[in-house]
Amino acid sequence: MSEAISLTHRISVTLFFLIYVVKTVLLLSNRADLLQKFTKSTKVIEMIVSALFLITGVYLMTLLPKIPNLLWIKIILVLASIPVAIIGFKKQNKILAALSLLMITGSYGLAEVQKKKREKGETVAVNNVNGKEIYDAKCVLCHGSDGKAGLSGASDLSVTQLTTDSIKLIIQNGRRTMVKVDITDEQATAVAAYVESSVKGK
Ligand code: HEC
């Protein structure tokens, strides 16, 4: 479910971005007539795309246990670019239009940086404690390497809705039929982060 939403988000953001690039280029190159035609013919698409982009964005945000600083900057940039773009295109003000495109490009770039960071699995290694190693040693037995094994009634970790903090609590205290796992606090943090980044939603 969240995979499909995440994909919809990426596609709508990309379309939104492309429409904006074309519009800005037309405005900057003094093609007012073409700009008007383009704006008119893409009006409905733009409305659908921007609604999808905002709705899916808000939904994805609600899935995060904590909103990273980079994401806040991204959200502020996107939200601030909207009035700038509206005024810029309405008044055919090139500076404002270019500025709004710059803001959107900036937030698009930030999203990429964020993705790279996540792919590198920054959260996995906490002070050199390797979450994956602990997972393989202490969790695979019941949960399996993909989290789906479900041995002795273990929950499917690939579909867990829990946040990193709750996962850590379960590891340290156990829950119903899962006995607590005897590891240090640091190790629990690392393995919870590993479950969050590499098992959940995979
Ligand atoms: C001896 C088997 C066993 C081991 C080892 C084990 N678990 Fe579990 N785990 C379970 C069982 C059984 C449940 C279901 C508990 C329940 O019904 O409340 C569970 C539930 C969970 C849940 C709750 C998921 C949810 O969505 O409700 C998390 C998170 C979890 N385990 C993480 C881990 C992690 C991380 C490790 C390794 C540090 C680990 N477990 C080791 C058996 C195990």
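The values are calculated or read from the model by the stated rules, or taken from the named source; none is laboratory data. Since the structure is predicted, the reported quantities are computational estimates derived from the model, not experimental observations. Ideal geometry is used to build each Cβ from the backbone, glycine not excepted, and the neighbour counts take in all protein chains shown.
Scan the stretch 175-202 residue by residue and report those that are of a type in the set (Ser, Thr, Tyr), near the ligand (Cβ under 9 Å from one of its atoms) and in a loop (DSSP other than H, G, I, E, B). Answer for the stretch 175-202, where residues must be of a type in the set (Ser, Thr, Tyr), near the ligand (Cβ under 9 Å from one of its atoms) and in a loop (DSSP other than H, G, I, E, B): just Thr177.
Going by the structure shown, is Ile95 over 30 Å from Gly201 (Cβ atoms) and assigned to a helix (DSSP H, G or I)? Criteria met by Ile95.
If you go through the stretch 92-99 one residue at a time, do you hit one that is among the small types (Gly, Ala, Ser) and under 30 Å from Thr164 (Cα atoms)? No, every residue in the stretch 92-99 fails to be among the small types (Gly, Ala, Ser) and under 30 Å from Thr164 (Cα atoms).
Can you find a residue that is more than 25 Å from Thr164 (Cα to Cα), touching a residue at least 12 places away in the same chain (Cβ under 8 Å), of a type outside the set (Phe, Trp, Tyr) and assigned to a helix (DSSP H, G or I) anywhere in the stretch 36-45? Within the stretch 36-45 (the criterion being more than 25 Å from Thr164 (Cα to Cα), touching a residue at least 12 places away in the same chain (Cβ under 8 Å), of a type outside the set (Phe, Trp, Tyr) and assigned to a helix (DSSP H, G or I)), the answer is yes, since at least one residue qualifies. For the stretch 160-167, the condition holds for at least one residue, the condition being that it is under 18 Å from Glu133 (Cβ atoms), more than 8 Å from the ligand (Cβ to nearest atom) and not assigned by TED's automatic domain parsing to the domain that holds Leu64. In the stretch 152-171, the residue that is modelled with the lowest pLDDT out of those that are polar (S, T, N, Q) and within 18 Å of Val140 (Cβ to Cβ) is Ser152. Of all residues assigned to the stretch 103-122, none qualifies as being out of contact with any helix residue (DSSP H, G or I) (no Cβ under 7 Å at 6 or more places or on another chain), at pLDDT 90 or above and among the hydrophobic types (A, V, I, L, M, F, W, C). Of Leu34, Leu54, all but one fail to be of a type outside the set (Val, Ile, Thr), over 17 Å from Thr105 (Cβ atoms) and in contact with a helix residue (DSSP H, G or I) (Cβ under 6 Å, 6 or more places away or on another chain); the exception is Leu34. Checked against (1) farther than 17 Å from Val13 by Cα; (2) surrounded by 17 or more Cβ atoms within 10 Å (Cβ to Cβ), Met103 passes all but condition (1). Scan the stretch 73-92 for residues that are out of contact with any Ser or Thr (no Cβ under 7 Å at 6 or more places or on another chain) and either surrounded by 12 or more Cβ atoms within 10 Å (Cβ to Cβ) or not in a helix (DSSP H, G or I) (or both) and the total you get is 11.
Taking the numbered list (1) assigned to a helix (DSSP H, G or I); (2) buried (at least 19 other Cβ atoms within 10 Å of the Cβ); (3) more than 7 Å from the ligand (Cβ to nearest atom) in turn, Gly147 passes all entries but (1).
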